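Asks: Here it is, the structure in full.
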Amino acid sequence: MTANIIDGKQIAADLRASTKELVTEFINKYNNPPTLAVVLVGEDPASQVYVKTKTKMAKEIGMNVEDHFFEKTVVEKDLLDLIHNLNSNKDVNGILVQLPLPDHIDSRVIIDAIDPAKDVDGFHAINVGRNSIGGDLLKKTFTPCTPLGCYLMLKQHISDLKGMHAVIIGRSNIVGKPMAQLLLEESCTVSIVHSKTKNIEEMTKQGDIVVAAVGRPLMVKKDWIKPGAVVIDVGINRIDDPETGKTKLVGDVDYDGVAEVASAITPVPGGVGPMTIACLLKNTVDAALRQQG
Ligand code: NDP
């Protein structure tokens, strides 16, 4: 079997196009574009690239972006003051604090200071709770962008997820846990495995769906995957490339091997990454629309 490639770039482009239409309607109706405030602390190169890409994509669909940059020595109070100002600014619809923050800042304190109605990353404890309870509360929350992107790609590929066994590798608050909740809501049977799980490949081999969100390059091998399974690779890892003498990006999944047994797989790059940004833009427009009632 050779897996179908789940084209995250294309699905993300379609989502950005439909979001752009919502932005245009919003501007026509309210005379102002939806506005996303982005907060970046320090000079971590990966974070700088993410913020630059998010800003560029948001502007491309007509949204307004306010960047707030701080030195890595910033004190918690200055960040909290900014968040409080953004919360009370009616022209700001969404607030994104790029993680990770420096060690001397308590990320939980900063995230929980964001107005849940502007928390377009869906990391505020109230939104986490609403995602966890599910049902009608999903209309009032924001689902974290990376798992939402994975979910939308899965839905394009599998129309009815009910009863499928999804195995998620990783239990972080930003990917693994919210991914599990989304799939539970779709009536999947969900297993989460992590660094303390024994015989991990025995678990992944049972999955009709496997989502890898680990941060270990090429960890998931061909013999970890049930033939015909759908594999979503969230990992972004930079490794040396002996062929070019440079570095390259790879996922958590050994793509070439796994593509021989899976029925569908997301590539890295070009899979989950573009979907994450597209979902952030969609969440921001949703925030703006909800704030207008
Ligand atoms: P975290 O480091 O927060 O979580 C990693 C998870 O993997 C943890 O639950 C950890 O287990 C588990 N883990 C680590 N080693 C192993 C192992 N050997 N076997 C099984 N499980 C293991 O990472 P994130 O969730 O934030 O991100 C995961 C990956 O996804 C990273 O590569 C990151 O760069 C990428 N990412 C990509 C995004 C995108 O847009 N494409 C967005 C966000 C993340 P334990 O809890 O026991 O420590």
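The values are calculated or read from the model by the stated rules, or taken from the named source; none is laboratory data. The shown structure was predicted, so the numbers you read here are calculated from the model rather than taken from an experiment. Surface accessibility is based on the protein's heavy atoms, side chains included, excluding ligands, DNA and RNA. Shrake-Rupley method; radii C 1.70, N 1.55, O 1.52, S 1.80 Å.
Asks: Go through 143, 53, 204, 244 and list them by solvent-accessible area, largest first, probe radius 1.4 Å.
Replies: Final ranking, largest accessible area leading: 244, 53, 143, 204.
Asks: A follow-up question, please. Computing the accessible area with a 1.4 Å probe over protein heavy atoms, can you report the carbon and sulfur percentage for the chain?
Replies: Looking at the chain in its full context, I get 52 percent from C and S.
Asks: Straight-line reach only, C-alpha to C-alpha below 18 angstrom: list the aspartates and glutamates that residue 139 could link to, leaving out same-chain residues fewer than 8 apart.
Replies: Those aspartates and glutamates meeting the cut-off are 115, 119, 121, 185, 186, 286.
Asks: Order the following by accessible area, largest value first: 219, 1. Probe radius 1.4 Å; ligands, DNA and RNA are ignored.
Replies: These residues rank, largest area first, as 1, 219.
Asks: Under 21 Å between alpha carbons, and skipping anything fewer than 8 positions from residue 9 in its own chain: which lysines qualify?
Replies: Output for residue 9: 20, 52, 54, 56, 59, 155, 248, 282.
Asks: Between the helical axis of 8-30 and the dominant principal axis of the chain, each derived from Cα atoms, what acute angle in degrees is found, rounded to the nearest 10?
Replies: So the inclination is approximately 20 degrees.
Asks: Tilt of helix 145-157 relative to the longest C-alpha principal axis of the chain, in degrees (0 to 90, nearest 10)?
Replies: 50
Asks: May I ask you to rank 151, 50 by accessible area, largest first, using a 1.4 Å probe over the protein chains only?
Replies: 50, 151
Asks: May I pose another question? Which whole-number percent is the relative contact order of the chain (Cα, under 8 Å, 6+ apart)?
Replies: 23
Asks: When we measure straight from the Cα of residue 198, which lysines land under 21 angstrom away, once same-chain ones fewer than 8 places off are left out?
Replies: Within reach: 177, 221, 222, 226.
Asks: Moving on to the next point. Label the chain by shape, choosing from rounded, prolate and oblate, from the square roots a ≥ b ≥ c of the eigenvalues of the Cα gyration tensor; if a/c is under 1.5 it is rounded, and otherwise prolate applies when a/b is larger than b/c, oblate when it is not.
Replies: In terms of gyration-tensor shape, prolate.
Asks: Right, next: Over the chain, give the accessible area per residue in Å² for a 1.4 Å probe, as an integer.
Replies: Roughly 49 Å² per residue, with all protein chains present.
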